[in-house]
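A quick write-up on the structure given underneath.
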Amino acid sequence: MSVSRIGAVSAIALAGALALSACATENPAPAGSTQGAGSSASAGNVDCFSGDLAAEGSTAQKNAIAQAIKSYQEACADATIDYNATGSGSGIKQFIAKQVAFAGSDSALKTTPKDGKVEAEEAKNACGSPAWNLPMAAGPIAIAYNVNGVDKLTLNGEVAAKIFNGQITTWNDPAIAALNKGVTLPSTPIKVYFRSDESGTTENFTKYLQAAAPSVWTADPGKQWTGKGEGKEKSAGVSAAVKSQDGGITYVEWSYAQQNQLHMAAIDTGSGPVELTGETAGKAIAAAKQVGTGNDLALKLDYGTKEAGVYPIVLVTYEIVCSKYADAEQGKKVKAFLKHYASADVQKSLEPLGYAPLPAEVLTKVDTAVDAIS
Amino acid sequence: MTMTAHDETRPGGTGSGARLGTTGGTGTSTTPTDPGRRDLIESMDRPHRGRAIKDHVARIVMWGSFVLAVVPLVWILWTVASNGFHMITTSLWWTGNQRNINTTDAGGGARHAIEGTLIQAGATAAIAVPIAILTAIYLVEYGRGRLARVISFMVDILSGVPSIVAALFIYAVWVTTFGIDRNGFAVSLSLVLLMIPTVTRSTEEMLKLVPNELREASYALGVPKWVTIVRVVLPTAFSGIVTGVLLGLARVMGETAPLLILGPYTKNFQRDLFNGNMPTLPTMINEDRSDFALSTAAERMWGAALTLIILVLLLNLAGRFIARRSAVAK
């Protein structure tokens with residue numbers, strides 16, 4: 001009996017100690033302590049809210065929104081904004097399920113039925129008011145490659161489509177050589193990597209391939225890859241794969257290609273090779289047409305453009321918001337944050353991260369739309 | 001004549017031969033002086049050599065399998081520890097959070113995630129442990145007949161439910177049916193489903209180990225059944241039950257599927273189970289994993305993984321420590 005007593009007592013003591021240590025960790029450290037994040041940017045005209053704001057969606061805008069959140073939180077110590085980069089499709093689903101205040105998506109809400117459901121209608125029902133697509137960042141898609149000894153590469157829509165659907169299999173193929181005079185191309189086999197998860201990047205890239213080479217790329221554009229190659233998860237996965245594979249090629253957001261220091265192909269749309277820069281990609285955005293009505297700013301990009309100096313492969317990532325929030329408090333929070341996100345300072349800070357600036361004209365419209373959120 | 005002698009010694013000879021077989025090489029030390037007997041023993045030695053070979057082969061295969069099983073374990077531990085070590089040695093790691101630290105920024109803390117994991121595990125235990133222990137008491141002390149068999153069967157089924165199914169079930173009830181936001185408590189509820197069967201089973205085993213004589217002695221003194229259970233059976237099995245609870249908790253803390261579905265990550269401190277996103281170590285690992293090509297994110301990922309391993313290890317050690325002192329085991 002005494003043995004069992006000792007066992008019991010020590011067990012209680014241990015359980016107690018565990019409970020105590022659990023309590024100790026619960027002891028709050030100064031809430032919302034900023035980690036010595038240098039000088040917090042001057043509050044400026046940031047409209048601060050206090051509390052939590054949750055959003056979810058596109059991975060393509062993760063780096064952009066993270067930057068906007070950081071500068072907002074630095075100005076507003078009581079505000080907490082969470083953005084979970086789970087993918088455009090998932091973000092829209094959670095938005096419709098009313099789990100998040102707004103969703104990030106690489107494509108505007110669909111207005112045509114799919115599986116008997118219309119995204120825009122579902123979002124409208126969830127909001128109790130029309131949902132708006134607000135463009136916030138433009139992410140050029142780079143064709144990133146890794147070929148030993150090749151620092152400069154030019155492709156056009158047709159050759160790119162042939163590479164990505166497996167018709168061209170070696171780097172010294174005459175079709176590639178014809179576009180790259182004066183470049184010594186090795187006979188390395190081409191290794192294509194694609195996004196294995198459902199991705200807005202895949203959708204926009206295949207839209208480009210279809211528009212630029214309709215006779216070669218016959219599959220319908222979509223979030224799921226239909227070409228050849230080896231699947232890797234998320235942007236980080238394809239970037240890492242290309243980085244470590246001689247002969248590798250993939251399509252990936254500019255910011256990831258930059259972060260991983262990958263070579264990027266220039267695109268020849270018919271009037272000479274165009275390098276990917278903020279300026280050349282910005283021109284493609286500026287040429288986009290608004291297809292939404294009123295404050296719904298869904299854009300349609302012209303992927304088949306032949307204009308000189310325009311880098312055609314870009315995606316616009318949207319914030320999907322309710323025009324009128326059932327919870328007025330939540331509406332105020334969304335408005336305050338998006339106002340900050342669309343501000344000139346923040347938009348400017350996105351460029352070094354690999355995003356193309358939105359044209360001033362679009363930004364003005366976004367600003368008006370954000371003001372109309374209630 | 002010799003034949004007769006041989007025959008006479010035969011029973012003894014077979015006996016020692018059989019013993020030789022079972023006790024391995026030790027039999028040779030008792031080599032008899034009688035030449036006939038020696039012949040006999042030598043003839044019995046031949047199959048013995050065959051057995052020795054089999055014994056060696058079996059031993060090598062067993063050790064080989066053991067090493068094979070240990071190699072990945074040591075490899076994983078070494079990889080995680082060597083990559084995550086310098087992250088968790090900074091004091092900020094244990095005091096700070098990830099607020100305003102983007103993927104390309106280095107460092108930051110994991111305290112928000114550690115707290116979240118501990119709070120969720122605590123809430124899970126607070127709900128699951130009473131249910132599991134009461135179920136086990138019913139099954140061992142009261143349950144007879146069909147109801148007990150059904151319950152026992154249900155516990156078996158529940159223990160076979162994959163964690164993702166438990167998570168989707170809670171999502172269907174919590175979000176789709178009732179329209180409540182995902183939060184830390186929803187995560188705890190799905191973890192409860194995973195913890196109940198493990199704790200019920202381990203508690204049952206512990207209660208079965210309590211000698212019946214103790215119960216009978218108590219009844220003989222005129223003590224009612226429920227008092228016997230509360231004052232005699234449970235205290236005797238107490239340390240064993242606590243071990244089971246801690247091991248169950250350790251298992252639940254490393255769960256990932258319910259967290260990904262029900263517990264969106266946040267980089268901030270969040271101690272409220274019922275409002276807002278709650279950070280946990282597995283979701284922190286997942287967050288940084290999506291940018292593993294960047295050394296800054298990869299470092300945090302390894303650090304968080306090591307921290308989680310350490311937390312689970314501590315709980316397991318606590319469980320073993322209490323188990324060693326288990327009165328019932330003795």
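The values are calculated or read from the model by the stated rules, or taken from the named source; none is laboratory data. No experiment lies behind these values; they were computed from the predicted model shown. Don't worry about glycine lacking a Cβ; one is built from the backbone with ideal geometry, like all the others, and counts go over all protein chains shown. All accessible areas refer to the heavy atoms of the entire protein, side chains included, with ligands and DNA or RNA removed. Shrake-Rupley method; radii C 1.70, N 1.55, O 1.52, S 1.80 Å.
Suppose we keep just the alpha-carbon trace of segment B:58-130; what are its Rg and Dmax in angstrom?
Using the Cα atoms of segment B:58-130, the pair Rg, Dmax is 19.1, 58 Å.
With every protein chain in place, what's the accessible area of B:Arg51 (1.4 Å probe, Å², nearest 10)?
Here the accessible area works out near 120 Å².
If you scale each eigenvalue of the Cα gyration tensor by 5 and take the root, what three semi-axes come out for segment B:45-89, rounded to whole angstrom and sorted largest first?
The answer is 42, 6, 4 Å, longest axis first.
Hey, any idea what the orientation-averaged projected area of the convex hull of segment A:233-320's Cα atoms comes to, in nm²?
So the Cα hull casts an average projection of 7.0 nm².
Using 1/(1 + (r/R0)^6) with R0 = 51 angstrom and r between the beta carbons of A:Ala175 and B:Lys54, what's the FRET efficiency to the nearest 0.05?
Taking R0 as 51 Å, the efficiency between A:Ala175 and B:Lys54 is 0.15.
Taking 28 Å as the cut-off for C-alpha to C-alpha distance, list the pairs among A:Lys124/A:Lys348; A:Lys152/A:Lys300; A:Lys162/A:Lys223; A:Lys110/A:Lys324; A:Lys152/A:Lys339 that go past it.
A:Lys124/A:Lys348; A:Lys152/A:Lys300; A:Lys152/A:Lys339
Name the shape class, rounded, prolate or oblate, that the alpha-carbon gyration tensor gives for segment B:126-209, where a ≥ b ≥ c are the square roots of its eigenvalues, rounded holds for a/c under 1.5, and otherwise prolate holds if a/b is larger than b/c and oblate otherwise.
In terms of gyration-tensor shape, prolate.
For segment B:194-330, what is one quarter of the convex hull surface built on the Cα atoms, given in nm²?
Taking a quarter of the hull surface, the average projection is 10.7 nm².
At a probe radius of 1.4 Å, what is the per-residue accessible area of A:Phe337, in Å² to the nearest 10?
0
Which residues' amide hydrogens lie under 5 Å from the amide hydrogen of A:Phe102, considering only partners 5 or more residues apart or on another chain, with H built in the peptide plane?
Amide H to amide H, under 5 Å and 5 or more residues apart or across chains, A:Phe102 pairs with A:Glu56.
Tally the DSSP beta bridges in chain A and give the antiparallel ones as a percent, rounded to 5.
Taking every DSSP beta bridge with both residues in chain A, the antiparallel ones total about 60 percent.
Can you compute log10 of I(q)/I(0) for segment B:214-256 with the Debye formula, treating each Cα as one identical point scatterer, at q = 0.27, 0.31, 0.32 Å⁻¹?
Reported log10 I(q)/I(0), two decimals: -0.84, -0.96, -0.99.
So which residue, out of A:Thr112, A:Thr250, A:Thr154, gets the largest mean-square fluctuation from a GNM of chain A using Cα contacts under 10 Å as springs?
Maximum fluctuation in the GNM of chain A, among the listed residues, is at A:Thr112.
What is the P(r) of chain A, as percent of Cα-Cα pairs per 10 Å bin from 0?
For chain A, the pair-distance distribution reads 5, 22, 28, 20, 12, 6, 3, 2, 0, 0.
Per 10 Å bin from zero, what fraction in whole % of the C-alpha pairs of the protein assembly as shown is there, up to the bin with the longest pair?
Here the calculated profile for the protein assembly as shown is 3, 12, 18, 19, 16, 12, 8, 6, 4, 2, 1, 0, 0.
Identify the residues of segment A:282-323 with backbone N under 12 Å of a label point that sits 7 angstrom from the Cα of A:Glu361 along the Cα-to-Cβ direction, or state none.
Answer for segment A:282-323: A:283-290.
Highest GNM mean-square fluctuation, chain A, Cα pairs closer than 10 Å: which of A:Gln224, A:Gln67, A:Gln259?
A:Gln259
At each listed q (0.22 Å⁻¹), what is the log10 of I(q)/I(0) that the Debye formula gives for segment B:54-201 modelled as equal alpha-carbon point scatterers?
-1.21
Would you report the distance distribution of C-alpha pairs in segment A:140-283 as whole percents per 10 angstrom bin, up to the bin with the largest distance?
12, 47, 37, 4
Tell me the volume per residue, in Å³, of the convex hull enclosing the alpha carbons of segment A:85-208.
136
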